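Colleague: Structure in structure tokens, see below.
The values are calculated or read from the model by the stated rules, or taken from the named source; none is laboratory data. Small disclaimer: the values here were computed from a predicted structure and weren't measured. No Cβ is skipped: glycine too gets one built from the backbone with ideal geometry, and neighbour counts run over all protein chains shown.
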Amino acid sequence: MGGRAGRTIREASGLGGPESEALLRLAHHPEHRTTAASLAEELSFHSGSLPRLTARMEEAGLTARHPHPDDRRAVTCWSAPSSHTSRRSPPTWPTRSPRSNT
């Protein structure tokens, strides 16, 4: 997530780019959860990079990780309920005055 929009989102949420992107990806999955392998693929991460990211996010209370219920080799990641709302107030956007018809 780059450019001005990405910067605005990162500043408003207090999250870094990878954390914001991971939460966005998790939000698109049913029940806000998916396997770590799937999340790594969606983020174009190498399999060794995702555990560090998810560990930081879990420590911050944004995600949780647990063994997959059907596959002992897999890990399930999901966004914590606290991440479903902004950690900080939303940005204040400039408003335009209504145009006068006079």
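Colleague: For the range 46-60, state whether one or more residues are over 13 Å from the mean Cα position of the chain (by Cα) and polar (S, T, N, Q).
Modeller: Yes, there is a match, as at least one residue in the range 46-60 is over 13 Å from the mean Cα position of the chain (by Cα) and polar (S, T, N, Q).
Colleague: Filter the range 49-93 down to residues that are of a type in the set (A, V, I, L, M) and either modelled with pLDDT under 85 or not in a strand (DSSP E or B) (or both) and give me whichever is nearest to L39 (Cα to Cα).
Modeller: L50
Colleague: Tell me whether the range 32-44 contains one or more residues that are buried (at least 17 other Cβ atoms within 10 Å of the Cβ), of a type in the set (V, I, T) and at pLDDT below 85.
Modeller: Scanning the range 32-44, I find no residue that is buried (at least 17 other Cβ atoms within 10 Å of the Cβ), of a type in the set (V, I, T) and at pLDDT below 85, so the answer is no.
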